[in-house]
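The values are calculated or read from the model by the stated rules, or taken from the named source; none is laboratory data. All of these numbers come straight from a predicted model, not from anything done at the bench. Note: ideal-geometry Cβ built from the backbone for every residue, glycine included; neighbour counts use all protein chains shown. Just the protein is used for accessible areas: all its heavy atoms, side chains included, with ligands, DNA and RNA removed. Shrake-Rupley method; radii C 1.70, N 1.55, O 1.52, S 1.80 Å.
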Amino acid sequence: MEYRTLGKTGLRVSALGFGCGNVGGLLIREEPRTRVRAVARAIEAGINYFDTASMYGNGQSEQNLGQVLNELKPDVYVGTKVRIRPDEMGDLGGAIHRSVEASLTRMAREQVELIQLHNHIVQRRTPGGERDSALTSQEVLEDVISAFRQLQADGKVRFYGITGLGDPVALFEVI
């Protein structure tokens, strides 16, 4: 397996990660023994990064990944995501903290290596549009980063980032 440094984190992650989402649905829809076999085989092949999110199977992916990892007890890295819903826009920091705590509970973990914001990032939000859950670059730079830093200080996440969805100019501002 080829390994690469993940951004500026210093983490050496496998060039191939294990996606735990709906596309294959392995960790959402398969039987427990099938999930364990698949993850064990991935680890044997050298995969050490597992990507999940609370929105994958309405939390089922995180829960099932946590069960498998707790059974196998491998030395791997886990990344998950936060997506702020439109009804949470009034309390971004609180929404992020609640989301991460719920993810950690589902996975039965004290910490994840990477948390990523999975909302679109825009310069200006337009209410009533298809991107009601979009965050402005200013909100990300102030509220989201502040919440992520607090989670890092609390030992809940090691590193944080964004998934890179949104308007190029707004993404550039954040980066």
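Enumerate the amide H contacts of Gly166 below 5 Å, restricted to partners 5 or more residues apart or on another chain; note that Pro and chain-start residues carry no placed amide H.
Residues meeting the criterion, in which the H sits 1.01 Å from N, are Ile121.
Is any residue of segment 146-171 close enough, with backbone N under 20 Å, to a label point placed 7 angstrom from the Cα of Arg124 along the Cα-Cβ axis, and if so, which?
Flagged as within label range: 166-171.
How much net charge surrounds Ile47 when only the other residues with a Cβ under 15 Å from the Cβ of Ile47 are counted, with Lys and Arg +1 and Asp and Glu -1?
That works out to 0.
Explain nothing, just the number: dipole magnitude of segment 29-175 about its Cα centre with +1 on each Lys and Arg Cβ and -1 on each Asp and Glu Cβ, in debye rounded to the nearest 20.
420
May I ask you to list the trypsin sites (Lys or Arg not before Pro) in segment 1-53 that are in a DSSP loop and have at most 14 other Cβ atoms within 10 Å of their Cβ?
Lys8
Counting only GluC sites (Glu not before Pro) that sit in a DSSP loop (anything but H, G, I, E, B) with at most 10 other Cβ atoms within 10 Å, what is the longest stretch of the chain containing none of them?
Between the exposed loop sites, the longest stretch runs 3-109.
Straight-line reach from Lys81: which aspartates and glutamates have a Cα under 15 Å away, not including same-chain ones fewer than 8 places off?
Correct list for Lys81: Asp51, Glu62, Glu101, Glu113.
P(r) for the chain: what percent of alpha-carbon pairs falls in each 5 Å bin, starting at zero?
Percent of Cα pairs in each bin: 1, 8, 17, 20, 19, 16, 10, 6, 2, 0.
What does the charge add up to near Gln60, with Lys and Arg as +1, Asp and Glu as -1, over the other residues with Cβ less than 12 Å from its Cβ?
Summing Lys and Arg as +1 and Asp and Glu as -1 gives +1.
Efficiency by 1/(1 + (r/R0)^6): what FRET value for Ala38 and Arg4, r their Cβ-Cβ distance, R0 = 25 Å, to the nearest 0.05?
The value I calculate is 0.65.
Could you put Ile162, Ile175, Ile47 in order of accessible surface area, largest first, with the 1.4 Å probe and the full protein assembly present?
Ranking Ile162, Ile175, Ile47 by accessible area, largest first, yields Ile175, Ile162, Ile47.
Please provide three numbers in whole Å: the alpha-carbon extents of segment 38-134 along the principal axes, with the largest listed first.
The principal-axis extents, from largest down, are 47, 23, 20 Å.
FRET efficiency for Gln152 and Ala45, Cβ-Cβ distance as r, R0 = 30 Å, nearest 0.05?
The pair Gln152/Ala45 has a calculated efficiency of 0.50.
Quick one: if you stick a label point 7 Å off each Cα along the C-beta vector at Thr163 and Ala15, how many nm between them?
2.5
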